[in-house]
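Only the coordinates and a few stated rules stand behind these numbers; no lab work does. None of these values were measured; they are calculated from a predicted model. Methodologically, a virtual Cβ is constructed for each residue, glycine included, from the backbone with ideal geometry; neighbour enumeration extends over all protein chains shown.
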Amino acid sequence: SVWLSAGFRTLITDAHMPEPAFGEPNTVSGNTSLMVAAVEKQKLVYILNRDAAARLTISSPLEAHKSSTLVYHCVGVDVGFENPVFACLEMDYEEADSDPTGEAANNTHQTLTFYELDLGLNHVVRKYSEPLEEHGNFLISVPGGSDGPSGVLICSENYITYKNFGDQPDIRCPIPRRRNDLDDPERGMIFVCSANHKTKSMFFFLAQTEQGDIFKITLETDEDMVTEIKLKYFDTIPVATSMCVLKTGFLFVAAEFGNHCLYQIARLGEEDEEPEFSSAIPLEEGDTFFFAPRALRNLLPVEELDSLSPAMGCTIADL
C-alpha cells in the first residue's frame with residue numbers, strides 16, 4: 001500500500017463509509033448493503049441481513065475496485081426496494097500520472113460514478129459514470145422510492161447541482177454569499193456538511209457553508225422529475241464536521257473546533273421574511289445571490305458537549 005505524507009494509507013478501506021443503501025426485501029427481513037471505500041482504488045460492498053433469530057449477519061465483501069482512481073466521497077442512493085446503488089465522486093489519474101508535461105492533469109475531470117449491487121448475481125457493477133463541470137467536494141443523497149425523486153445533490157465550489165438517471169436534466173443553483181462580506185470576493189464558497197429531515201409528506205436538507213451559514217434546501221418536483229432547487233438562509237452556527245437532525249426535533253452539531261452543541265429546531269423558517277433563492281431565477285454565469293447573516297432565529301441552543309480538542313488560540317494575519 002502507499003503512504004501519504006500525512007501518515008495514512010490510501011488503500012485502507014475505511015476512509016469513506018456512506019450511509020447504507022436499502023435493497024430488496026427477503027422472506028426474513030429487508031436487507032441492507034454498505035459500501036466501504038478507501039481514498040484510492042479499493043471499494044468493498046457488504047450485505048447486512050438478519051437470520052431467523054433476528055441476529056445481524058454480514059456477508060463476505062464484494063469487490064468494486066478500480067485502479068488509478070481517487071475517491072472524494074460516496075453515499076448510498078435511495079432507490080426504494082430496487083438493487084442497491086452507491087454514488088461516488090471519483091477522479092481517474094492514470095493518464096495524468098504518465099504524462100510528464102502536466103497537460104493531461106489539467107484536462108482531468110472529476111466524475112460522478114454510480115455502482116449497483118446486483119442481488120441476483122451477487123456482483124457489483126459500474127452502472128453509470130459522467131464527467132463533472134465543477135469539482136465536487138461531497139454528495140447528499142436525496143430520498144427515493146415513495147418518499148422522493150431519488151438521485152444526489154453534488155456540492156461543489158459556488159454551486160449545488162441535482163443529478164439523477166434517465167431523462168432528468170441537471171438542476172444547478174448558485175450558493176448564496178454574505179452581503180458586504182469581508183472575505184475575498186474571488187474566493188469560492190462551498191458546503192462542508194449537511195443533514196436531512198424526512199417525513200411521510202415532505203423532506204428537506206440543512207447544508208452549512210465553511211463560514212457557518214446554514215441553508216434550508218428543498219426540491220420542487222413534477223411527478224418524479226426535479227424541476228427546481230430552492231435555498232433559504234436558516235441560521236448561522238459554528239462550523240461543523242457533521243450534523244444530524246433527530247426525529248425529536250433537535251439538531252446535533254459536531255463542531256469542527258469548539259464545543260459540540262444540541263439545538264432545538266424551534267421553527268422551520270417557512271414564515272419569516274428571508275428571501276428564497278431558486279435555480280429558476282436567471283443569473284449570468286459567475287453571478288450569485290446575496291443574503292444578510294443575523295442572530296439565531298430558528299435554532300435554540302439546548303446543551304453543549306465539551307470538545308476533546310478545542311481551539312486554544314488563533315492569529316489573525318493578512319496573508
For the range 214-240, list residues with backbone N below 17 Å from a point placed 7 Å from the Cα of GLN168 toward its Cβ?
217-230
Normalised by the residues of the range 179-308, what does the relative contact order come to in percent, with Cα pairs under 8 Å and at least six apart?
21
Could you tell me the relative contact order of the range 224-287? Use alpha-carbon pairs under 8 Å, at least six residues apart, and round to a whole percent.
35
Per-residue HN-Hα couplings for the range 102-116 [Karplus 6.51, -1.76, 1.60; θ = phi - 60°; Hz; x = Gly/Pro]:
x, 5, 5, 5, 5, 9, 7, 10, 6, 10, 9, 10, 9, 10, 10
On full extension of the chain, what length is gained from ARG267 through GLU210, given 0.36 nm per residue of separation minus the C-alpha to C-alpha distance?
18.2 nm
What ranking of SER279, SER67, SER242 emerges when the number of other C-beta atoms within 10 Å of each C-beta is taken as an exposure proxy, fewest first?
SER67, SER242, SER279
Inter-label distance, nm, simple model (7 Å from Cα along the C-beta direction), PHE290/GLU130:
3.4
Using a 7 Å offset from the Cα along the Cα-to-Cβ direction at both ASP147 and ASP51, what is the distance between the two label points in nm, to one decimal?
3.0
Rounded to the nearest 20 Debye, what is the dipole magnitude of the chain about its Cα centre when Lys and Arg each give +1 and Asp and Glu each give -1 at the C-beta?
1200
Run the helix sum for the chain: -39,500 (n - 2.57) per DSSP H stretch of 4+ residues, divided by residue count, reported at 222 nm to the nearest 500 deg cm²/dmol.
-500 deg cm²/dmol
Relative contact order (percent) for the chain, with alpha-carbon contacts under 8 angstrom and 6 or more residues of separation?
9
What dipole magnitude, in Debye to the nearest 20, does the range 236-291 give about its Cα centre under +1 on Lys/Arg Cβ and -1 on Asp/Glu Cβ?
560
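For a quick check: sort TYR115, TYR128 by the number of other beta carbons within 10 angstrom, fewest at the front. Don't skip to the end; give the middle numbers.
Values: TYR115 24, TYR128 15.
With the fewest neighbours first, TYR115, TYR128 line up as TYR128, TYR115.
Could you tell me which of rounded, prolate or oblate describes the range 61-104, using a ≥ b ≥ c as the square roots of the eigenvalues of the alpha-carbon gyration tensor, with rounded for a/c under 1.5 and, failing that, prolate when a/b is larger than b/c and oblate otherwise? Could the numbers behind the result be given before it?
On the way: a/c = 4.41, a/b = 2.68, b/c = 1.65.
Taking the square roots of the gyration eigenvalues as a ≥ b ≥ c, the range 61-104 is prolate.
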For a quick check: sort ASP167, ASP318, ASP51 by the number of other beta carbons within 10 angstrom, fewest at the front.
ASP318, ASP167, ASP51
So, with +1 on the Cβ of K and R and -1 on the Cβ of D and E, and no other charges, what is the size of the charge dipole of the range 179-308 about its Cα centre, to the nearest 20 debye?
620
Distance from the Cα centre of the range 28-89 to that of the range 255-319, in angstrom?
32
